[in-house]
1. Please go through (1) at negative phi; (2) out of contact with any strand residue (DSSP E or B) (no Cβ under 6 Å at 6 or more places or on another chain); (3) outside any helix (DSSP H, G or I) for Gly312 and return the number of the only condition it doesn't satisfy.
2. How do the pairs read when you match residues in segment 237-264 that are on the phi < 0 side of the Ramachandran plot and crowded, with 16+ Cβ neighbours inside 10 Å with residues anywhere that are of a type in the set (Val, Ile, Thr) and assigned to a loop (DSSP other than H, G, I, E, B), using Cβ under 6 Å and keeping only pairs 6 or more apart or on different chains?
3. Select from segment 223-255 the residues that are under 34 Å from the mean Cα position of the chain (by Cα) and either assigned by TED's automatic domain parsing to the domain that holds Ala462 or in a loop (DSSP other than H, G, I, E, B) (or both) and list them in ascending order.
4. Of the residues that sit in segment 530-550 and are over 19 Å from the mean Cα position of the chain (by Cα) and farther than 11 Å from Tyr366 by Cα, which one is surrounded by the fewest Cβ atoms within 10 Å (Cβ to Cβ)?
5. Name the pairs: first residue in segment 382-400 and over 16 Å from Lys432 (Cβ atoms), second residue among the small types (Gly, Ala, Ser) and part of a strand (DSSP E or B), Cβ to Cβ under 6 Å, at least 6 apart or on different chains?
6. Kindly indicate whether any position in segment 501-517 is in contact (Cβ under 8 Å) with a residue 40 or more places away in the chain and on the phi > 0 side of the Ramachandran plot.
7. How about segment 280-319: which of its residues are under 15 Å from Gly116 (Cα atoms) and crowded, with 17+ Cβ neighbours inside 10 Å?
8. Check every one of the strands (runs of 3 or more DSSP E) wholly within segment 136-220 and list those with 2 or more residues that are crowded, with 20+ Cβ neighbours inside 10 Å and in contact with a Pro (Cβ under 7 Å, 6 or more places away or on another chain).
Amino acid sequence: MEFIKPKEKLGESTTTNLLSADGPHSGTRGCKYSRKNLIFISVCALSVFLYFSKLYKWTLIWEQFKTRHEEMTVDEVMFSLSWASSTSKYTSFNNTSSAQHSVVWLEQRRAQYCVGDTLNVLVEMRNYAGQPKANGGDFIVARIHSPKLQACASGDVTDLLNGFYRVRFHLFWPGEVQVSVRLMHSSEAVDVLRRDWKKDYTKISHRGTFKVGRKQETTPCALRLDSDRALCEYRKKEDGEYYACYQPQTLPCNSLAIMRAFSYKGPNLTKEDSQLLAKENIGIEIKNSFKPVTVVGCTGASHAPTEKCVAGMNSPFPGGYFYSNRWLPSFCQADPFFSEAAITRCLKGKILYILGDSTARQWLEYLTIKVKGLRIVSGSRFQSYLAVHARNNITVRWMKHNHPWNSNFASDVKAATIPEVLDSIAVGGRQKDAIVVIGIGQHFRPFPPEVFIRRLQSIRRAILRLQARSHEARVVIKLENNLEFKSPMITVSDWYGHMQNLAQRKVFEGMKVAVVDVWDMTVATSSFSVHPNQVIVYNQVALALSYSCL
């Protein structure tokens, strides 16, 4: 076995010999060689450093690219939706959170509030006995508003997990500003919703119609069927979505044609659970301990964004405010696509796909009213619409998403899914530029969250495929809005909608898509309507077009 001296020893020996060489100029010669070695070593070290620095930089870029396009699992998305849980068990209704007995305090009152300042309030939660709560988990929404100015904005709620909540408001406009905080659900009610949301597939019943020629048979269907009876099972390999029907007596499973949803009374709730979710206990305003604050425009104070709204931007919450009934984003500049001329200029020569539920259909209906000459030429309000403006070469298509639905009407099971529509969009050449709006969620609320998350993941992959084919394709994600207080809470509570909005933000995070936060708009205006009014709808459309028409 051959032994090799360590290189550092050889280096030391060589250097020593050079420095101690005999001769009249040995010292000078040694310094000369030493200087050359030092320069050589320095150059090598610098080269290695630059190489690995560049490699590290490209590694970071790749990691960021990979992270942007890396899909989270259903469990990872579910984990990200963690919500503060109640730390005390339900004992009696009297011990649950009460809006009537709670109070909102102004935190660190100032002598003067300027436009651009932050206004913080504390919500002290108490029970029906007037005693302070010691746990978090209540579902609260908050807003500021100035009715005379037609101005309003949402507040950002932070659960301090001790019975207190801090709400942060950005003061966007001058004038008298009122604070409004609502207790949507007590922490005890949220516990009921969370428990049921994770496991119950039976809130909505479905029936499938099988057809062959003139013969048809109908059987119960569901996203999950536990039975010893023979089943027709339907699963898509590409996204893992599943549903099943009881096998009809004579017709084959592949003859399923229509799926119809039926409203169902929901699970059998206990008397206590029903009381927690009763409509008289939903969305109650908590009283303020202070009067409205006056906001003034101070010298040097500015909150106007300078960067234009583009797809891929991080959309914060709250992300804007209404002033004179116009939505103004707080993080980017939006072009005013409110006039017929501006909308026509944006959509001219383009095809606009609006894919989703009836709240998305409102966009097409608004456009056909606003843009003269844009007319619905085919379709129905329960399946799809096609609107065309021949002179300006504008095409607008609304197509409803496939089941599940919680409304009592039929759905064609063979109709194209949202991913299939995205995959079918022709790009390049003489094809029209495409704008895609996707707005789903309301009809998924009665079902466990993994059903919605799988649908989002399937849509996400289709968006990436579309954008790989065409960098010009614009994609807009429309989040959910809130609903009426009279809605059946165990089935379609706004808490479900809020959590599903968080899921949408997580699934589409880092992608080149624009987010229109309709939840933000409807909380700010306190609309609480499944179909928001025209003011909210035209502001949604204007913001989407601002992202889409650069």
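The values are calculated or read from the model by the stated rules, or taken from the named source; none is laboratory data. These numbers come from a predicted model, not from an experiment. Glycine also receives a Cβ, built like all others from the backbone with ideal geometry; neighbour counts cover every protein chain displayed.
1. (1)
2. Leu256/Val413; Met259/Val413
3. Leu223, Arg224, Leu225, Asp226, Lys236, Lys237, Glu238, Asp239, Gly240, Glu241
4. Selected residue: Leu550.
5. Partner pairs satisfying both residue conditions: Tyr385/Gly379; Met399/Ser384.
6. The answer is yes; a qualifying residue exists.
7. Of everything in segment 280-319, those that are under 15 Å from Gly116 (Cα atoms) and crowded, with 17+ Cβ neighbours inside 10 Å turn out to be Val293, Val295, Pro318, Gly319.
8. 151-154, 204-212
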